[in-house]
Amino acid sequence: MKPLLAVETSCDDTSAAVLSPDGAVLSSVVSSQTAVHAPYGGVVPELASRHHLGNLPCVVEAALRGAGLAPPELGAVAATAGPGLLGSVLVGLSYGKALAAGLGRPFYAVNHIVAHLRSPWMEHSSLPHPALVLVVSGGHSHLFFCASPRERLLVAATRDDAAGEALDKVAKHLGLPYPGGPWVDRLARRGNPRAVLLPLPRLSSGGLDYSFSGLKVSALHHMNRHGLAPAPAEDPEALPAWEYDLLASFQKRVVDHLLQRVKQAARIFGPRTIAMAGGVACNSLLRERIAALAVELGATGAFPSPAYCTDNAAMVGFAALDSYRAGAPSDLAADAFASCVWPGPTPAA
Ligand code: KG4
Ligand code: ZN
């Protein structure tokens, strides 16, 4: 079997990667659009798709060069079909289909969340199942139970903001650059995580779903009470002490809430692996706490390297490999989608 090329354009990163059929990443290229969207404080969908259109051919060329391959040496092409910003998804999906058709190779449409979900196995192929996998990014906060590599039940999802979205919004209110998550991670180390008492989200239904908007609003109220001064443009890291305390307390609560559900789900499902993926899985406190929880529960804790946590085509290629190896390509008519529904656990009788 020949190598597979994957492309990923679901949000604001343009990415391409080449993988060998056994899962080795031969090259992985990500072109970030952070500088394009930073002045707007968030991703502008139309700008994102236009930049994908311009960047994708160079990014694919760089990935092929990195792998030392010419297009005819590829055996298959994969691309993200959703969920994501539709205009952005369509660029990579159309490109992937056209390349596959032009080369006369099979095409594989990949679900972006499944790609995140499978990413912990890219670098740790022997992680045992059953597994609980937390997918936390700017757009998603999903907890899945995977009895095997191809099975997934949605155990919890957010009812409102995603974890990364809440971190980004609180950071934005403090005048920190976009995306705020990495800034919160770094600046929270200067504050006291117990200084500001923020409520741990609780659902009246008693369900396992996440909810971050109440926590975010409490943080915003705290800022308003203190009379917010914008972060100095020359040094966005120079904040008053109470702001470091707020960031530390807010980050701790976000992590507490994420862990609270993982613990509850672990009691129900008894996983052998506790893994996480997505941009927020770069967060140092969350990594520390997930690793400690796995030890406490006698499970294996795992998360990808930071470069494979944020959006990347290598995980898309990795997720396509099962179907590639099984010789089960997607239809070239595979549609793009903005959102999707997941099977949940069967309620106890
Ligand atoms: O997976 P990703 O690149 O894109 C989406 O699919 O959303 O995740 C981006 C999110 C942003 O909200 C960003 O602030 C967050 O991941 N993020 C972090 C960290 N690095 C990235 N959040 C907390 N701590 C970090 N170190
Ligand atoms: Zn993502």
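What follows draws every value from the coordinates through simple rules; no lab data is involved. Remember, it's a predicted structure, so these values are computed and weren't measured experimentally. Positions of Cβ are generated from backbone atoms using ideal geometry, with glycine treated the same way; all protein chains shown enter the neighbour counts.
Within segment 194-256, which GluC sites (Glu not before Pro) sit in a loop by DSSP and count at most 14 neighbouring Cβ atoms inside 10 Å? Walk me through the numbers before you get to the answer.
Details: sites: E234, E237, E243; in loops: E234, E237.
Here the sparse-neighbourhood loop sites are E234, E237.
Mind putting a number on the dipole of the chain about its Cα centre? Charges go on the C-beta only, +1 for Lys and Arg and -1 for Asp and Glu, and I need it in Debye to the nearest 20.
Values: 27 positive and 27 negative charges, 165 e Å.
The calculation lands at about 800 debye.
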*Once the dipole of the chain is set up with Lys and Arg at +1 and Asp and Glu at -1 on Cβ about the Cα centre, which of V77, G191, H51 lies farthest towards its positive end?*
G191
*To the nearest Å, what is the center-to-center distance of segment 270-316 and segment 23-66, using C-alpha atoms only?*
24
*Enumerate the amide H contacts of V155 below 5 Å, restricted to partners 5 or more residues apart or on another chain; note that Pro and chain-start residues carry no placed amide H.*
L143, F144, F145
_Angle check, please: helix 284-297 long axis (alpha carbons) against the longest principal axis of the chain (alpha carbons), in degrees 0 to 90, nearest 10._
80
*What does the highest-first list of 295-308, 125-138 look like by mean Cβ count within 10 Å?*
125-138, 295-308
*For segment 130-303, what number of Lys pairs, 8 or more residues apart or on separate chains, have alpha-carbon atoms under 17 Å from each other?*
5
_Per residue convex hull volume, Cα atoms of the chain, in Å³_ = 135
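Given only helices, namely DSSP H runs of n ≥ 4 each adding -39500 (n - 2.57), what is the per-residue ellipticity at 222 nm of the chain, to the nearest 500 deg cm²/dmol?
Working: 12 runs with 149 residues, N = 349.
Only helices count here, giving -13500 deg cm²/dmol.
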_Within segment 136-153: backbone nitrogen closer than 11 Å to the D322 label point (7 Å, Cα to C-beta)_ = 146-153
*Taking a cut-off of 27 Å between Cα atoms, list the lysines near K2, but don't count ones fewer than 8 places away on the same chain.*
K97
*Quick one: among T310, T34, T80, which has the greatest mean-square fluctuation in a GNM of the chain with alpha-carbon springs under 10 angstrom?*
T34
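For the chain, give me the percentage of DSSP beta bridges that are antiparallel, rounded to the nearest 5 percent. Walk me through the numbers on the way to the answer.
Numbers: 22 of 40 bridges.
Roughly 55 percent of the DSSP beta bridges within the chain come out antiparallel.
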*Can you list the residues, at least 5 places off or on another chain, whose amide H is less than 5 Å from the amide H of L26, using H built in the peptide plane?*
V18, L19, S20
